[in-house]
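For reference, the structure discussed in these notes is given below.
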Amino acid sequence: MVTRVLIADDDPRITEIHQHYVSKFAGFEVIGLSNTLEDTKLQIEVMEPQLLLLDIYFSDGSGIDLLKEIRLRSQALDIIPITAAKEVRLLQEALRGGVFDYILKPVVFSRFEQTLRRYRTHHSNLQSLDSLNQSDIDRII
């Protein structure tokens, strides 16, 4: 199964770099690039990605606010912030919003790779199970 990825960052050069990084991994397909939160919301509705790589700082708002909005709508969308936001408060809000990981810019490819591999393993483990026991949960979390 291919994971459909939407990349949202206010800098078009960064979205292209992240697209290049994602393209190096089998099992991931970039279905959209966005440079505003408004466009990101539209693409989420239309394209239905499974994974959102999300910056925090946008000219038209905050990625944290979008994360909260997505969770309020109970959308099944995994989110990984990739951001220059180093404030502890923003990390705490992102964690409360259920992000899969949190990557700081400038992105080191090996760190990006590690996250996508963990993501793929995590979802592969979940899909292979019909029910859970505690050791399954411990391995997944």
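Laboratory data are not the source of any read-out in this text; all were calculated from the coordinates shown. Keep in mind it's a predicted model, so treat the numbers as computed, not measured. Cβ placement follows ideal geometry from the backbone for every residue including glycine, while neighbour counts extend to all protein chains displayed.
Counting only DSSP beta bridges whose two residues both lie in the stretch 1-70, roughly 15 percent are antiparallel. Taking Lys and Arg as +1 and Asp and Glu as -1, the other residues whose beta-carbon sits under 11 Å from that of Gln50 total -2.
Could you state, as a whole-number percent, how many of the C-alpha pairs of the chain are farther apart than 24 Å? Every Cα pair in the chain considered, those over 24 Å come to 28 percent. When His123, His18 are sorted by how many other C-beta atoms sit within 10 angstrom of their C-beta, beginning with the fewest, the order is His123, His18. Of the trypsin sites (Lys or Arg not before Pro) in the stretch 45-141, which ones lie in a loop per DSSP and count no more than 16 other C-beta atoms within 10 Å? Qualifying residues, ordered by number: Arg73, Lys86. Looking at the chain, the DSSP beta bridges with both ends there are about 10 percent antiparallel. Here the sum of -39500 (n - 2.57) over DSSP H runs of 4 or more residues, divided by the residues of the chain, equals -14500 deg cm²/dmol at 222 nm, to the nearest 500.
In the stretch 29-105, the DSSP beta bridges split such that about 25 percent are antiparallel, to the nearest 5.
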